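All remarks here apply to the structure that follows.
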Protein chains: 2
Amino acid sequence: MIGKVYGVGVGPGDPELLTVKALRLIREAKVICSPRAGDDSESFALSIVKDYIDPARQKIMTPVFPMSMDKEVLGKAWDGAADQVLAELEKGNDLVFLTLGDPSLYSTYSYILERIKKRIKDIRSETVSGVSSINLAAARAGIDLALGQERLAVMPMGRDLEPVRSALADFDTVVLMKVNRGFGKLVSLLGEMGLLGKAVYVSRCGTDREKIIRDLQAIKADELDYFSIVIVRKWIAAG
Amino acid sequence: MIGKVYGVGVGPGDPELLTVKALRLIREAKVICSPRAGDDSESFALSIVKDYIDPARQKIMTPVFPMSMDKEVLGKAWDGAADQVLAELEKGNDLVFLTLGDPSLYSTYSYILERIKKRIKDIRSETVSGVSSINLAAARAGIDLALGQERLAVMPMGRDLEPVRSALADFDTVVLMKVNRGFGKLVSLLGEMGLLGKAVYVSRCGTDREKIIRDLQAIKADELDYFSIVIVRKWIAAG
C-alpha cells in the first residue's frame, strides 16, 4: 500500500510551540522531509524539532529549495523534492513533510502536495496546522492582530507598494511578510502615512535570535532578516 | 509576590492541536480561568483541555461572557472577570486564562489583560500563541490561505457589507468570521461577484461537530453556527 503524506506545521521557531499532534507524528515518522535554503545551510524547520527526532531510526531528507524568485529554478527544486517524497510513499512509507509555521500560510508544502496529487490522484494526505509566525510575532510584540469587528490584512512585500498603501488605509492591522525586500521604501511609506509610530519589526520570533524593534528608522539594511515581519496596527498606543 | 498571568491559546477545538507549551502551563496551573457563553453552557475552551486538568487539584473559574454586541453588557462581564483574576494574582497565584484558537486574533483575553494592567501596571504576563481556527479551517477544507506573493484579508461579518465587497475585489483570499450574522446577504454578494464556487463554509472545525460545506446556497439558516467561517479563495479550482 502507498504511504500517507503529512504536511506538518512546526510553528515559528520555539520547539515548545509545536502541537501535541505534530510531536506525535514526528516521533512516529519513518521518513521526515524538511527543505533547506542551500547546500551549506541546515533546515530551519528541522532544527526546531531536532530534539524530537532520531536519525538512527528515522530517514531524514533535506532537499534544497533555493531562496529564489525564479519560477523555473523553484519549480525544478519542487519537482525534485516531490520525486523524493513519491519514491518513499511508493515504498509504502508514511512521510512527514515539515513546514515552518502553519502549512496553509505561505508554505512550500502546497507545491509538493500538488505535484504528488498529479501523479497519484487518490494519495492519502493530511495537513496538520501549526502556530503561524504572524500570531507569535504579535504575541511577542504585545499587540493584537485583530479585536471585535476589526479587519486584518496579511501580504508579502512586493515590488509594487500600492497594495500595501491601500491595505494600510483600509485595515486596522496590516502584517507585512519578508520585509527585507524594499524595507527602505516601506519606512518612507509609513512615514508619509503617519504610521511609523504604529509599526513593529519582528524577526526570527521564537528563536534565540529574535529581534523586536519599534523604531523602524533605526534598523540598518544589513540587520534585515529573511524571516522578518512588520506589523502595522493603527490602535497601538503612542509610546 | 503577585502572580503571573498567562493568556494561553488552546487551538480551535482538537485537543491534539494544543501546543506543548500550553499543555505544560495548563498542567502546572493552580488556577485556570476560561470564559463561557452563558450560565447554562460549559466553556468551549475548557472542554478542549478537560482531559489535561484536575479539578481536585486546580481551581477552575468560568466567568460568563454573554454573546452580546452591547458594549456595556460586555464591559461589565470583562470587569467582573478581571476582578476575579486579579484576586487570584494578588494571592500570589499564577493564573492561566484560556482562549480559543490564538490569543492575538479576536480573543477576549486582551480586554481582561488591559483591565489588569490598569490596576497593576508592571504585572508579569505572557501570551502563549495557539493554532488559529482560520488556519485549521483552511487545512480541513484542503485549501491554502495564501501562497507566494498572494494577499489575505480576515474580517468578521458586520452590518456593512462594503468592506467585504472591497476585500473580495482586492485580495486573493478573504476569511470571513462569524458569518451566522448576515449569511443570506453574504451568499447574495458572492453570487453577484461570481465567487460562489470559490467559497467554503467551515464550522466547529477540529471538533466532532465539524461541518465543511462547499455549496453555500444549500445551508439553512438554522444550521448556522456562531463558530463558523467562510473562506473565499479566488484560486479554488472549479469542482
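The values are calculated or read from the model by the stated rules, or taken from the named source; none is laboratory data. Small disclaimer: the values here were computed from a predicted structure and weren't measured. A quick note on method: Cβ atoms are made from the backbone with ideal geometry, for glycine too, and the neighbour counts reach across all protein chains shown.
Only a single criterion out of (1) loosely packed, with under 15 Cβ neighbours inside 10 Å; (2) under 20 Å from residue B:87 (Cα atoms) is not satisfied by residue B:38, namely (2).
When you look at residue B:31, is it within 25 Å of residue B:119 (Cβ to Cβ) and either modelled with pLDDT of 95 or more or buried (at least 19 other Cβ atoms within 10 Å of the Cβ) (or both), yes or no? Taking the combined requirement at face value, the residue satisfies it.
Note on the range A:216-239: among residues that are within 24 Å of the chain's Cα centre (by Cα) and not hydrophobic (A, V, I, L, M, F, W, C), the one that is surrounded by the most Cβ atoms within 10 Å (Cβ to Cβ) is A:228. Just to be sure before I move on: is residue B:20 modelled with pLDDT of 95 or more and either in contact with a strand residue (DSSP E or B) (Cβ under 7 Å, 6 or more places away or on another chain) or exposed (fewer than 15 other Cβ atoms within 10 Å of the Cβ) (or both) in the structure I sent? The answer is no for residue B:20. When the residues of the range B:70-99 are filtered to those that are farther than 13 Å from residue B:30 by Cα and in contact with a Gly (Cβ under 9 Å, 6 or more places away or on another chain), the one that is surrounded by the most Cβ atoms within 10 Å (Cβ to Cβ) is B:98. Scan the range A:142-155 for residues that are at pLDDT 95 or above and either facing chain B (nearest Cβ under 7 Å) or under 14 Å from residue B:151 (Cβ atoms) (or both) and the total you get is 9. What tally of residues in the range B:156-169 results from selecting those that are of a type outside the set (A, V, I, L, M) and either buried (at least 19 other Cβ atoms within 10 Å of the Cβ) or within 8 Å of another protein chain (Cβ to nearest Cβ) (or both)? Within the range B:156-169, residues that are of a type outside the set (A, V, I, L, M) and either buried (at least 19 other Cβ atoms within 10 Å of the Cβ) or within 8 Å of another protein chain (Cβ to nearest Cβ) (or both) number 4.
Being within 10 Å of another protein chain (Cβ to nearest Cβ) and either crowded, with 23+ Cβ neighbours inside 10 Å or in a strand (DSSP E or B) (or both) is the requirement here; does residue B:7 meet it? Spelling it out, residue B:7 is indeed within 10 Å of another protein chain (Cβ to nearest Cβ) and either crowded, with 23+ Cβ neighbours inside 10 Å or in a strand (DSSP E or B) (or both). Go through the range A:13-37 and give me each residue that's more than 8 Å from every other protein chain (Cβ to nearest Cβ) and under 20 Å from the mean Cα position of the chain (by Cα). Correct list: A:13, A:22, A:25, A:26, A:32, A:33, A:34, A:35, A:36, A:37. Whether any residue in the range B:70-88 is assigned to a loop (DSSP other than H, G, I, E, B) and closer than 26 Å to residue B:156 by Cα is what I want to check. Taking every residue of the range B:70-88 in turn, at least one turns out to be assigned to a loop (DSSP other than H, G, I, E, B) and closer than 26 Å to residue B:156 by Cα. For the range A:170-190, residues that are of a type in the set (Phe, Trp, Tyr) and buried (at least 22 other Cβ atoms within 10 Å of the Cβ) total 1. Here the condition is being touching a residue at least 60 places away in the same chain (Cβ under 8 Å) and closer than 30 Å to residue B:74 by Cβ; of A:195, A:152, A:168, it holds for A:168 alone. Within the range B:105-126, how many residues turn out to be out of contact with any Phe, Trp or Tyr (no Cβ under 9 Å at 6 or more places or on another chain) and among the acidic types (Asp, Glu)? Result for the range B:105-126: 1. Out of A:2, A:26, one residue alone is surrounded by 15 or more Cβ atoms within 10 Å (Cβ to Cβ), part of a loop (DSSP other than H, G, I, E, B), touching a helix residue (DSSP H, G or I) at 6+ places or on another chain (Cβ under 7 Å) and not aromatic (Phe, Trp, Tyr). It is A:2. Would you check which residues across the range B:184-208 are under 23 Å from the mean Cα position of the chain (by Cα), within 15 Å of residue B:234 (Cβ to Cβ) and among the small types (Gly, Ala, Ser) and list them? Selection gives B:199 alone. The requirement of being over 16 Å from residue A:104 (Cα atoms) and either basic (Lys, Arg) or surrounded by 24 or more Cβ atoms within 10 Å (Cβ to Cβ) (or both) is fulfilled nowhere in the range B:133-152; no residue meets it. Entry remark, the range B:105-139: residues being farther than 18 Å from residue A:236 by Cβ and facing chain A (nearest Cβ under 8 Å) number 9 in total. Residue A:102 fulfils the conditions (1) exposed (fewer than 15 other Cβ atoms within 10 Å of the Cβ); (2) charged (D, E, K, R); (3) within 13 Å of chain B (Cβ to nearest Cβ) except for a single criterion, (1). Restricting attention to the range A:108-146 and to residues that are without any contact (Cβ under 8 Å) to a residue 40 or more places away in the chain and in a loop (DSSP other than H, G, I, E, B), the residue that is nearest to residue A:45 (Cα to Cα) turns out to be A:142.
Residues being over 19 Å from residue B:10 (Cα atoms), under 19 Å from the mean Cα position of the chain (by Cα), aromatic (Phe, Trp, Tyr) and modelled with pLDDT of 95 or more are represented in the range B:77-100 by at least one member. When we screen B:71, B:76 for residues that are away from chain A (no Cβ under 12 Å), free of Cβ contacts under 8 Å to residues at least 24 places away in the same chain and of a type outside the set (A, V, I, L, M, F, W, C), the only hit is B:76. Taking the criterion of being surrounded by 21 or more Cβ atoms within 10 Å (Cβ to Cβ), in contact with a helix residue (DSSP H, G or I) (Cβ under 6 Å, 6 or more places away or on another chain) and within 21 Å of residue A:152 (Cα to Cα), the residues of the range A:191-215 that qualify are A:199, A:200, A:201, A:202, A:205.
From A:167, A:153, grab the single residue that is within 23 Å of the chain's Cα centre (by Cα) and in a strand (DSSP E or B). None of the other options fit; the residue is A:153.
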